[in-house]
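Below: one structure, written as structure tokens.
The values are calculated or read from the model by the stated rules, or taken from the named source; none is laboratory data. Computed from a predicted model, the values in this text were never measured in an experiment. Every residue, glycine among them, receives a Cβ derived from its backbone with ideal geometry; neighbour counts consider all protein chains shown. For accessibility, only protein heavy atoms count, side chains too; no ligands or nucleic acids. Shrake-Rupley method; radii C 1.70, N 1.55, O 1.52, S 1.80 Å.
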Amino acid sequence: MAEETPLDRFKSALTGASRALAHEPELELTWTSDAPAEVGKTLRVPMPGRDLPAKRAMEARGIADSFALKLRYHDAALHSRSAPFEAAARACYDAIEAVRYEALGSRDYAGIRGNIGAANAMRLASDPITRATRAEDVPVEAALSLLLRERLTGEAVPEVARAGVDMVRNWIEGQAGADLDALADLIGDQAAFQNL
């Protein structure tokens, strides 16, 4: 029998942690070189590399944590019933729901907060918000989710996206600032959160 590698032990620990976090004993975790995905009870997480560099391992944990939190706190049928049809509105709606369930885990567990922060930094590295030079270049769903994350977790907008967010901050807060503040009180109630 082959000896277990550090990568095997990491995957086993990550699978166990994800099962516990999701409250889902049948959950499975696989490595992927493609985009991360959650398909049913299978989480496809980026392989951090055989030598487990700390940054990549933390990103993999953040992706797995996000998927596990979604399985635990997100009702897909409820989400779909109220989802807007227009593409930009739907992107915003989906983005703020992801912030909601990630914030539920982040507020209670410092490790999850750090892991999700690393995963978000990885995502932001390729997001157009980091390269925007005009307000019209800023993806509203990215700016909206970062502003809401700031309110729900108390974490500042990451430096790499700050200039992009600041280009639309006043506009978003003028339109929805009070609603963003009110969402903090509804974080544990998906139906009330999405209605607001």
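Points to keep in mind about this one:
- In the range 170-177, the condition of being within 18 Å of GLU59 (Cβ to Cβ), polar (S, T, N, Q) and either out of contact with any His (no Cβ under 7 Å at 6 or more places or on another chain) or open to solvent by 60 Å² or more (accessible area, probe 1.4 Å) (or both) is met by no residue.
- Residues in the range 113-135 that are among the hydrophobic types (A, V, I, L, M, F, W, C), assigned to a helix (DSSP H, G or I), in contact with a Gly (Cβ under 7 Å, 6 or more places away or on another chain) and more than 24 Å from ALA182 (Cβ to Cβ): 3 in all.
- Checked against the criterion of being closer than 20 Å to GLN194 by Cα and not charged (D, E, K, R), the candidates ALA103, ALA110, ALA60 yield just one match: ALA103.
- Cross-chain or 6+ apart pairs with Cβ under 6 Å, the range 127-156 first and over 16 Å from GLY105 (Cα atoms), then open to solvent by 50 Å² or more (accessible area, probe 1.4 Å) and assigned to a helix (DSSP H, G or I): THR130/VAL160; ALA135/MET167; VAL138/MET167; PRO139/PRO128
- Test: residue in the range 24-41 that is closer than 22 Å to TYR109 by Cβ and loosely packed, with under 13 Cβ neighbours inside 10 Å: yes
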